[in-house]
Amino acid sequence: MSSPTEAGSATSRTPREHSFAPPDFQALFECIPTPCLALDPELRVIAVSSAYTEATLTRREDMLGRDMFDIFPDNPDDPAADGVHNLRASLERVLQTGQPDLMPVQKYDIRRPPEQGGGFEVRYWTPINTPVLDAEGRLRYIIHKAEDVTEFVMLREQKLEQSRITDSLRQQAEKMEADIYARSKTIAENNLRLHQANAELARLYEKTRELDELKTQFFANISHELRTPLTLILGPVGKHLADPDLAPALRRDLEVVERNARMLYRHVSDLLDVAKLEAGRMVMHYTEGDLAHLTRVIASHFDSLAEGRCIRYVVTTPPTLTAQVDAEKYQRILLNLLSNAFKFAGDGGAIQLRLTAAGGQARIEVEDNGPGIPEAMREQVFEPFRQVEGGSSRHHGGTGLGLAIVRELAQLHGGSVRIDAAPSGGALFILELPLLAPPGTQLQAQGEALPGDLSRQALEELQPPPALPEHRQGRADAALPLVLVVEDNPDMNAFICEALGRHYRVASARDGQEGLEMACRQTPDLIVSDVMMPRLSGDRMVQALRQEPALAGVPVVILTAKADEDLRIRLLQDSVQDFLNKPFSVEELLARVGSLLAERLQAADLLRQSEKRFRATFSQAAVGMAHVAPDGRWLLVNQRLCDIIGYPREELLGRTFQEITHPDDLYSDLEQMHRLLAGEIDSYAMEKRYRHRDGHLVWINLTVSLVRAADGSPEYFIAAVEDIQRRKEAEGEIHRLNADLERRVEERTAELRAANRELDSFAHAVSHDLRAPLRAITGFSRAIIEDHGTALPAEAREFLDHIIASGQQMGALIEGLLTLSRSSREELRRDDIDLSALARRILEELARSEPGHRVAWQVEDGLVARGDIRMIEVVLRNLLGNAWKYTARTAAPLIRVHARRQEKQIQFCIADNGAGFDMAQVGKLFQPFQRLHRQDEFPGIGIGLATVQRVVHRHGGSIEARGEAGHGASFCFTLPLPENEPAPPAPSPPAAPG
C-alpha cells in the first residue's frame, strides 16, 4: 500500500540511477558455441551447452543429474575402446590436484538415437577438464570441454587429396594441429614431472629399505650386545646358587636376579630372531623324521602345567607321520602356539592339539576356550609387537613377538598359519606345513635331541608367579605411617616392600583392583603403585581412589617402565603427587616417599589447629550455634544456644529440634529442611518459636545451611539461632499502631471511592444532560445559516460560526468525558487483537478525512496483543490522531507504528516527526485537561492521553512518552500478549512505508 504522500505521484529516474539485472549465467553457458558440460565432484552432469548436445546426439533433459559415464559408455562392439578409462583418469586427476588436465586426441564413440538407426558412431575428440574452485580453494565443479575432431582425423587417416579440404577445414585443421601440439607439449611436461615423481618415490623406497635394514641390524647388534652381559650375570649367579651353604636371604635375592635375567634373555633372543627373519638370514636345517613323535614330545612338556591348572589338555596325532622339517624351528613354532593357548585359557579350561596330514601337507591345529581373538585382529596379531591387549590394564605380559616368529618360521617352511574362531568360543590356530622339503634341499642327519632351554623358557613364562613373601609389615610401631604397595610383578613388589619396610608399616597388593579394595579397608597414609597391571590399571585405580572421601587426599607415587609423557603429565596434573620411572634407586624412592609423608603430616597438623580455632569460635559465638543431624537430633551446641532456650547442654543433646519447636511453626521449618535436602535451595532463614525449658515461648531468627559429604549425601545442618524476643515484642506494638492506621486509611479510602463514584455519575449525567441543549444550539445555528445566511450581516454570520465551532468543541469535550468515564467503569473483555491491521485502518480513515494533509506511515507487521478491542481502538485512535495532528506543520510528515522487544515484554510504539514537546513538561501529558500547546496552534480538549493511560493501566500495562521540541514524539505502551505468543523475538526492521 502506498502512503498518501506517494499516491498518484510520478517518479522519474536519472540515467545514473538506472540499475541492470544480473546476467543469466545458465543461458549464457548453454549458448556458448564450444561443446561444454559442467560436472559436480560426484561426476554428475549439472549443465550442458547446446553445442555439446548437438555434437553428442543427446538431449539436455536426458543428461542432467546423471552420472557422466552412464550417459557415455564405451562402445561394446570395440574391445579396444578405452575412452571411459582415459576420461575417468583425467577427471580423477582434476579432483585430486585441483589443476586443469589436457588430454590427447581420444577415440570415444557416440551412441546414435533410435530414430537415427541406433548403434555407435565413431568419433574423435580433444578434451580438456578444468576445475572451478570456491573462495576457500575447494573444488566445486569441473568444466568438461570436448571439440569434435573426427573429420580431421578421418581425413588424415585416409590421406585424401589436399584439394578436398575446404578453406574453413584447413583453418580448423591448422588450429587443431596447433592445439594438439600445445597439448602434446603439456603432456610431455606432465610425463617429465611423473618421471621425476617416480624417481623420488624410488629414492624414498630405497631410503625406507635402508632404514629397515638399519633397524634389523640394530636389533641384531643390540641383541648380541645384551647377550654378553646377561651371560656374565647368569653364569656367576648360577655358580653361587649351586653352593649349598649359601645364606637363605642371599639365595632369595640371587633367585630374583636369575629369574629376571632369564626373562630378559628370552626377550633378547626373540628380538634377535625377528631381526634374522626380517633380514632373510635365518638358515633352514631340514631333517627327515617322525613328525607325530616330535609333536607328542614337545606337547608333553605342558602336561604338568595342565594338571596344576586343572586344564583339560588333549593331544591327538597319528601313530607316525614322516616329514622333512627343521625340527628346532618346528619346536619354536609349536611351543609358541601352545604357550599362547595356555596363556589365554583360564584355570579349568580346555586346550586341544591335533595333527593330521592330507594332500602332502601336515595340518596342526591348536584350539583353546579362552576369550578368543576379534576377527579384525586375526591378521594383525602376526605383526611384530602387536598384541590384542595393548592397554595399561592388560592381563598378560609379553613383547608381542611370539606369533610374528610363528608366521615367519612357517613361511620359511613354505607353509602358512591362520586364525579361526574355535567351536568352544576361543581361538583356533591352524598351521599347515609341507611334508617334503623344497626340491634340491640337502637333508641333514637326525639330531640327537631338541634344545631343552626352549621348553624350559616357555614353561617358566607360563608358571604362576611366586607367592608374595610374607612381609614383616615393616616396623610394628602403630604410630608409623602405613604405605600401600600395589605392583603385579612379585619380585618388584617384594623389593619395594622390603625397602620401605625398614622405615614404615607396609601392606601390599598384586593388582589395581586388590589395591583399591585394600586402600578402602585400611586407609593408608601413602600409596606406591605401578601403572600397567591386570584387572585395574594404576591410573584407573587412582581415579577410583579419588572418588572415596577418605582417600581423596592420600598421596600417590606412580612407578612405571613405560615412557608415556602424556600419561605422566595428566596424572601429575589431576590425581598423583609424584612419578618415578623404572629403574629407580632405593634412596630416591625413600626420599620422595619421606617428603610426601612429611607434607601430609604437616597438613594434618594444620588441620588440627584449624579445627581447634573453629571449636573456639563455635563455642564463643554471640549467637546460638548448632550442628543438627538430618533426622533433627542436636549433634553439637554452644553455650549461647543453651542460654536462649534454657536447656543444659547434656539435656539438649538428648532431644531433637522438633520437640522444642512450637507446633504452629514446625511444618514450615520441616518443609524448608526437605527442600534443602533435595537440593532445591542452598540455605533458608525463618522466624520461629522455641519452647523455653520453663514453658514460655521464645522468638528466634533461624538460619540453616547443609553440609554434604564428598559423595553428595547430607551429613549435617549448621544452624545459627538469634534471640529476637525483644524485637518481636516491639514489632507487636508497631503492628497494633499500624492496624489502627490502616483502619483509618480504609475509612478514608472508602470515602474517596464513594466520592469518585459520585463524580463519575455526575460527569456521566452532566455529559448526557448537556448533549441535548448543545445539539439544539448547534443545530439551530446551522439552520439559521442555511435558511437566512444571505440575509444576515457578515458580523452575524461570524458570530454564528463561532457558536457552531464552540458547540463542536463542547461536544468533543463531552464525548471525551464519556470515554474517560467508560474506561474506568466498563468490564474488560479479552480478545486477541491484530494491532498492525487496526493501526492501518485508522490511518487510512485519517487520510480520507483530511486529504489535504499528506502523511507517510510505516506499520510493522505481526503486532498482536490481548485485551478489550473497543478500548484498545480508543488508545490507537487517540495516539495516531495526536501524531496526525502534530505533524500538520512538518515538511515531510512520517508516522511509525512498531514494537520494541525487551527481555520479558514487548512495547508497542507510535512515533512521529512532528512538533514534539519539552521533556520537562512530560508530567502534564497524562493529566486531564492539561495541554502543552495553544488552542490556535493545535486544537484539542486535553482528555485523550488521560484516557489512553487509564485504558493501558486497566489492562495491566504501562505507558511512557519521549519527545523533543521540534523533533517529534514517541508513545510506547505495554499490553498482555496472546496466550500462545512465543517469547519476544529479536527486533526486526520496520515494514516498508504505508
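Screening the range 680-725 for strands (runs of 3 or more DSSP E) wholly inside it with 3 or more residues that are within 23 Å of C642 (Cβ to Cβ) and within 44 Å of the chain's Cα centre (by Cα) returns the ranges 697-708, 714-723. Out of all the residues in the range 778-787, is one or more over 17 Å from I943 (Cβ atoms), of a type in the set (F, W, Y), part of a helix (DSSP H, G or I) and modelled with pLDDT under 75? Checked against the condition, which is being over 17 Å from I943 (Cβ atoms), of a type in the set (F, W, Y), part of a helix (DSSP H, G or I) and modelled with pLDDT under 75, the range 778-787 yields at least one hit.
May I ask you to verify whether R675 is of a type in the set (D, E, K, R), surrounded by 11 or more Cβ atoms within 10 Å (Cβ to Cβ) and closer than 30 Å to E548 by Cβ? It is true that R675 is of a type in the set (D, E, K, R), surrounded by 11 or more Cβ atoms within 10 Å (Cβ to Cβ) and closer than 30 Å to E548 by Cβ. Yes or no: the range 544-564 includes at least one residue that is assigned to a loop (DSSP other than H, G, I, E, B), crowded, with 22+ Cβ neighbours inside 10 Å and modelled with pLDDT under 85. Scanning the range 544-564, I find no residue that is assigned to a loop (DSSP other than H, G, I, E, B), crowded, with 22+ Cβ neighbours inside 10 Å and modelled with pLDDT under 85, so the answer is no.
Applying a threshold of 9 Å to beta carbon distances and a minimum spacing of six or more residues, or different chains, the list of pairs starting in the range 573-585 at a residue that is farther than 17 Å from M492 by Cβ and ending at one that is surrounded by fewer than 17 Cβ atoms within 10 Å (Cβ to Cβ) and of a type in the set (A, V, I, L, M) reads D578/L572.
Among residues belonging to the range 597-624 that are hydrophobic (A, V, I, L, M, F, W, C) and touching a strand residue (DSSP E or B) at 6+ places or on another chain (Cβ under 6 Å), point out the one that is nearest to G553 (Cα to Cα).
If we take residues in the range 597-624 being hydrophobic (A, V, I, L, M, F, W, C) and touching a strand residue (DSSP E or B) at 6+ places or on another chain (Cβ under 6 Å), then L597 is nearest to G553 (Cα to Cα).
When I910 is tested against (1) surrounded by fewer than 20 Cβ atoms within 10 Å (Cβ to Cβ); (2) modelled with pLDDT of 90 or more, only condition (1) is not met. Comparison of L412, L450, L480, L435 shows that the only residue that is modelled with pLDDT under 80, surrounded by 14 or more Cβ atoms within 10 Å (Cβ to Cβ) and either within 30 Å of P555 (Cβ to Cβ) or not small (G, A, S) (or both) is L450. Taking the range 573-596 as the range and being in contact with a strand residue (DSSP E or B) (Cβ under 8 Å, 6 or more places away or on another chain) and among the small types (G, A, S) as the test, only S575 passes. Scan the range 64-80 and tell me whether some residue there is in contact with a Pro (Cβ under 9 Å, 6 or more places away or on another chain), surrounded by 14 or more Cβ atoms within 10 Å (Cβ to Cβ) and not in a helix (DSSP H, G or I). Scanning the range 64-80 turns up no residue that is in contact with a Pro (Cβ under 9 Å, 6 or more places away or on another chain), surrounded by 14 or more Cβ atoms within 10 Å (Cβ to Cβ) and not in a helix (DSSP H, G or I). L57 - would you say it is under 19 Å from R44 (Cβ atoms) and either among the small types (G, A, S) or in contact (Cβ under 8 Å) with a residue 24 or more places away in the chain (or both)? So L57 fails the test. Residue count for the range 84-117 under the criterion of being more than 30 Å from L194 (Cα to Cα) and in contact with a strand residue (DSSP E or B) (Cβ under 8 Å, 6 or more places away or on another chain): the result is 3. In the set (1) under 16 Å from L484 (Cβ atoms); (2) modelled with pLDDT under 80, M533 fails one condition alone, (2). The helices (runs of 4 or more DSSP H) found entirely in the range 210-322 that carry 1 or more residues being of a type outside the set (V, I, T) and at pLDDT 80 or above are 291-300, 303-308. I311 meets all of the listed conditions (1) exposed (fewer than 15 other Cβ atoms within 10 Å of the Cβ); (2) under 55 Å from the mean Cα position of the chain (by Cα); (3) among the β-branched types (V, I, T) but one, namely (1). Within the range 81-92, restricting attention to residues that are in contact (Cβ under 8 Å) with a residue 12 or more places away in the chain and either assigned to a helix (DSSP H, G or I) or not assigned by TED's automatic domain parsing to the domain that holds K145 (or both), which residue is farthest from the chain's Cα centre (by Cα)? Checked the range 81-92; the qualifying residue farthest from the chain's Cα centre (by Cα) is G83. The condition of being within 20 Å of G957 (Cβ to Cβ) and acidic (D, E) does not hold for E850.
The values are calculated or read from the model by the stated rules, or taken from the named source; none is laboratory data. It should be emphasised that the depicted structure is a prediction, and the values quoted were computed from it without experimental measurement. Here the Cβ is made from the backbone with ideal geometry for all residues, glycine too, and neighbour counts use every protein chain on show.
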